[in-house]
Amino acid sequence: MLRRSILKTVAMLALGSAIGLTTAVAPGHAQDKKRYTVALIPGLTTDAFYITMRKGAQAAADALGVDLVFQGAPEFNPVVQVPVLDATIARKPDAILIAPTDKTQLVEPLRKAKDAGIAVITVDTFIGTGQYQTGAGDADFPLAYIASDNVLGGRMAARALAKAIGEGGGKVYVSNVKPGISTTDQREQGFKDEMRENFPAITVLDTQFNENDANRAASQLQAVYARNSDLKGVFGANLFSAIGAGNGVQQAGQTGKVKVIAFDAPGSIVDNIQSGLVDAAIAQHPAEIGYYGVVSAYAHLTGQSIPVSIGTGFTVIDKGNVTNPDVAKYVYSD
């Protein structure tokens with residue numbers, strides 16, 4: 001409830017400021033009003049999560065009279081993201097919203113933006129520890145971090161998987177991308193913490209890292225199952241991991257027996273849930289992230305203070321609610 005109140009307060013402050021500026025300027029002097037430019041750099045441009053985030057950001061930009069620039073790379077990789085960031089800095093926007101593709105490799109490139117006088121806010125992912133404006137460390141300079149609480153998301157995935165397998169014990173594991181990505185690291189952490197603290201009858205096996213390759217995730221599932229015939233489930237820390245693991249379950253002839261929990265909810269997740277490839281999905285609310293990213297940038301640029309951390313919500317989608325309009329609205333845009 002506190003987070004929701006903060007979100008509403010920030011939005012109201014920014015929107016109120018926009019209205020105040022509009023009404024305070026005489027018609028003959030409207031051209032004197034500052035029009036800000038905010039750049040949104042996603043983790044990658046082709047993912048439904050970031051497409052939905054862009055729509056939320058554009059909605060806020062339209063409401064506030066902000067120019068939104070969306071520029072990114074086609075893959076989640078710091079090697080290709082940094083040149084995009086450098087080019088964006090050269091365009092001198094007033095603020096940059098960015099989903100850093102690595103929590104260490106993006107520190108110095110983002111410092112260039114700060115040194116150029118550009119407000120920096122991270123969305124979805126973070127740099128350093130994600131603890132900003134503390135005066136400690138070399139990565140605390142962004143103004144805010146706006147994202148889902150990924151530790152909580154991992155905990156919700158653990159609860160969903162425990163429910164799916166009946167909470168009676170057995171073995172599960174996490175299919176993850178690679179170490180060093182802030183969001184998926186936290187989801188794995190939350191999943192393991194929840195299992196250890198509240199479901200001690202469930203054994204969590206070693207994490208399998210697939211380098212965002214669904215085929216590799218499928219092969220890993222089959223290898224883990226070959227070593228553990230009592231495997232009951234897998235948590236895919238991102239969508240590629242979950243879909244790959246689901247395919248591996250099918251190939252092993254264990255559909256319905258080995259449960260799969262996915263993180264994220266693009267349009268394809270509806271078919272995946274209805275077909276049984278995936279048992280449940282933890283949907284983030286990326287439109288909220290984009291919306292409050294632009295609102296926070298605007299609030300800062302108009303001289304208002306903003307929270308250093310803003311968390312957005314989750315919705316668990318499964319076969320029982322996937323057709324419910326109140327739930328289906330959280331499926332990401334394509």
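The values are calculated or read from the model by the stated rules, or taken from the named source; none is laboratory data. Every value quoted in this text rests on a predicted model; they were computed, and no experiment measured them. When we count neighbours, we look across all protein chains shown, and the Cβ atoms used for this are built from the backbone with ideal geometry, even at glycine. SASA here: full protein model, heavy atoms, side chains in, ligands and nucleic acids out. Shrake-Rupley method; radii C 1.70, N 1.55, O 1.52, S 1.80 Å.
For the range 71-105, the tally of residues that are of a type in the set (A, V, I, L, M, F, W, C), in contact with a strand residue (DSSP E or B) (Cβ under 8 Å, 6 or more places away or on another chain) and closer than 18 Å to residue 49 by Cβ stands at 4. On the given criteria, is residue 80 open to solvent by 20 Å² or more (accessible area, probe 1.4 Å), aliphatic (A, V, I, L, M) and free of Cβ contacts under 8 Å to residues at least 12 places away in the same chain? Answer is yes for this residue.
Can you name the residue in the range 83-103 that is aliphatic (A, V, I, L, M) and over 23 Å from residue 185 (Cα atoms) and, of all such residues, is surrounded by the fewest Cβ atoms within 10 Å (Cβ to Cβ)? This residue is 90.
Okay, residues lined up against (1) at pLDDT 95 or above; (2) on the phi > 0 side of the Ramachandran plot; (3) part of a strand (DSSP E or B); (4) of a type in the set (Ser, Thr, Tyr):
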position: 271; (1), (2), (3), (4): no, no, no, no
position: 282; (1), (2), (3), (4): yes, no, yes, no
position: 288; (1), (2), (3), (4): yes, no, no, no
position: 294; (1), (2), (3), (4): yes, no, no, no
position: 297; (1), (2), (3), (4): yes, no, no, no
position: 323; (1), (2), (3), (4): no, no, no, yes
position: 332; (1), (2), (3), (4): no, no, no, yes
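Can you pull out the residues in the range 122-147 that are touching a Leu at 6+ places or on another chain (Cβ under 9 Å) and surrounded by fewer than 22 Cβ atoms within 10 Å (Cβ to Cβ)? Within the range 122-147, 132, 133, 141 qualify. Go through the range 148-204 residue by residue and tally those that are outside any helix (DSSP H, G or I), surrounded by 16 or more Cβ atoms within 10 Å (Cβ to Cβ) and either without any contact (Cβ under 8 Å) to a residue 24 or more places away in the chain or among the basic types (Lys, Arg) (or both). Count: 1. The set of residues in the range 55-70 being touching a strand residue (DSSP E or B) at 6+ places or on another chain (Cβ under 6 Å) and open to solvent by 20 Å² or more (accessible area, probe 1.4 Å) consists of 58, 67, 68, 69, 70.
Going through the range 228-274 one residue at a time, which ones are open to solvent by 10 Å² or more (accessible area, probe 1.4 Å) and over 19 Å from residue 173 (Cβ atoms)? If the condition is that a residue be open to solvent by 10 Å² or more (accessible area, probe 1.4 Å) and over 19 Å from residue 173 (Cβ atoms), then 266, 267, 268, 270, 271, 272, 274 are the ones that fit.
Within the range 104-121, being open to solvent by 60 Å² or more (accessible area, probe 1.4 Å) and within 21 Å of the chain's Cα centre (by Cα) holds for 104, 105. The numbered conditions (1) assigned to a helix (DSSP H, G or I); (2) under 19 Å from the mean Cα position of the chain (by Cα); (3) small (Gly, Ala, Ser); (4) more than 25 Å from residue 315 (Cβ to Cβ) are all true for residue 223 except (2).
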